[in-house]
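Okay, structure first, notes after.
The values are calculated or read from the model by the stated rules, or taken from the named source; none is laboratory data. Treat the numbers as computed from the prediction; the structure is a model and nothing was measured. Every residue, glycine among them, receives a Cβ derived from its backbone with ideal geometry; neighbour counts consider all protein chains shown.
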Amino acid sequence: MRFLKHLLLLVSPVVLLCSCALPDAAQLGIKPAAEESGAKAPPKKKPEKLNALHNPDVDHLPFVQATRDRLEYIEAKVTGPYCALTFDDGPHPTLTPKLLDILAERNVRCTFYVIGPLARRYPEIMKRMVAEGHEIANHTMTHRDIRRISVDRMKKELRDCHQLLIDITGQTPLTFRPPGGGYNDRLMKIIYDELGYSTFLWTVDTNDWRRPGVGVVTKRLINGASPGAILLCHDIHPPTIEAIPAAVDGILEKGYTLVTVSQLVGLEKQGNVKSAPNTHAVRELAYFGPGAL
Ligand SMILES: [Zn+2]
């Protein structure tokens with residue numbers, strides 16, 4: 001008996017040890033103490049922009065080329081809450097990528113009227129624009145006033161820029177914006193016959209190149225948002241880039257959806273786009289932790 005008692009006393013801890021060891025802690029989904037305390041776990045991502053707004057997804061809207069009966073666009077004839085943000089004279093090696101980051105965070109697509117040699121110098125930026133859903137468009141090779149050069153020279157400027165943008169990005173430009181806004185009816189017809197481009201001006205000029213201040217550019221953009229509006233900026237001025245986050249948020253707050261100019265053309269062609277209430281801007285909940293709705 002005494003032997004049996006001793007045997008039981010010796011065996012019990014072994015059995016207990018075995019029962020503790022099985023099943024494996026990992027199989028039960030139990031984390032090691034260090035991991036549970038967060039000592040080695042990666043830090044939880046903090047919400048970066050509680051107030052960031054998201055543009056509705058517009059990638060299903062096609063880029064549509066204007067027809068000959070509409071050679072000039074100062075605004076698009078749409079009645080719905082759509083407008084287009086456009087940037088001229090780039091790409092800029094640091095400001096344009098910064099702008100693309102801001103636009104990507106907000107799911108915004110816009111139109112870039114680029115100058116040929118800059119596009120050639122920064123092809124990766126051009127490819128990124130296209131990859132992220134933006135529209136690229138023709139702003140000539142040398143940014144000369146087309147009224148002050150020969151028609152042959154103008155045609156060459158446009159053809160060279162057109163082909164260059166196709167070679168770099170694979171996207172075919174569908175529109176043209178005259179450098180400095182200089183154009184006339186005769187030239188518009190020639191340009192259309194040459195490349196099928198309509199000439200795109202703007203509804204609202206932010207005059208950002210005069211450097212009026214970040215707040216002024218922001219305000220001009222937000223106030224300028226109206227159905228079919230084309231908003232003009234330049235992605236070569238630092239204060240413009242600084243103005244864009246608040247400007248885009250303000251435009252989305254007003255209930256507008258930002259699209260490219262050729263998407264505006266498509267919406268115009270559909271005709272009588274329904275006006276929508278202020279439900280387009282979707283406020284992003286950056287934090288979905290416990291208790292968050
Ligand atoms: Zn320009």
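Before moving on, here are some points about what is shown:
- Number of the exception - ASP69 against (1) within 22 Å of SER198 (Cα to Cα); (2) more than 16 Å from the ligand (Cβ to nearest atom); (3) in contact (Cβ under 8 Å) with a residue 60 or more places away in the chain: (3)
Okay, residues lined up against (1) of a type outside the set (D, E, K, R); (2) away from the ligand (no atom under 13 Å from the Cβ); (3) touching an Asp or Glu at 6+ places or on another chain (Cβ under 7 Å):
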residue: ASP88; (1), (2), (3): no, no, no
residue: PRO93; (1), (2), (3): yes, yes, no
residue: LEU99; (1), (2), (3): yes, yes, yes
residue: LEU103; (1), (2), (3): yes, yes, no
residue: TYR113; (1), (2), (3): yes, no, yes
residue: ALA137; (1), (2), (3): yes, no, no
residue: MET141; (1), (2), (3): yes, no, yes
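- Residue match in region 42-53 (condition: part of a strand (DSSP E or B), modelled with pLDDT of 95 or more and surrounded by 12 or more Cβ atoms within 10 Å (Cβ to Cβ)): no
- Residue pairs meeting the criteria (Cβ under 9 Å; at least 6 apart or on separate chains; first among the small types (Gly, Ala, Ser), in region 83-98; second assigned to a strand (DSSP E or B) and away from the ligand (no atom under 15 Å from the Cβ)): ALA84/GLU135; ALA84/ALA229; ALA84/LEU258; ALA84/VAL259
- Enumeration of residues in region 179-203 that are within 16 Å of the ligand (Cβ to nearest atom) and either of a type in the set (Ser, Thr, Tyr) or within 23 Å of the chain's Cα centre (by Cα) (or both): TYR183, TYR197, THR199, PHE200, LEU201, TRP202
- Contacts under 7 angstrom Cβ, first residue in region 137-165 being acidic (Asp, Glu), partner within 14 Å of the ligand (Cβ to nearest atom), 6 or more apart: ASP145/PRO179; ASP145/GLY180; ASP145/GLY182; GLU157/THR140; GLU157/MET141; GLU157/THR142; ASP160/GLY116; ASP160/MET141
- Residues satisfying the stated conditions in region 241-261, i.e. crowded, with 24+ Cβ neighbours inside 10 Å and either more than 17 Å from the chain's Cα centre (by Cα) or in a helix (DSSP H, G or I) (or both): ILE241, ALA243, ILE244, ALA247, VAL248, ILE251, LEU252, VAL261
- Within region 143-178, the set of residues being within 13 Å of the ligand (Cβ to nearest atom) and either of a type in the set (Gly, Ala, Ser) or surrounded by fewer than 20 Cβ atoms within 10 Å (Cβ to Cβ) (or both) comprises HIS143, ARG144, ASP145.
- Enumeration of residues in region 220-238 that are within 16 Å of the ligand (Cβ to nearest atom), of a type in the set (A, V, I, L, M, F, W, C) and either assigned to a helix (DSSP H, G or I) or farther than 15 Å from GLU75 by Cβ (or both): CYS233, ILE236
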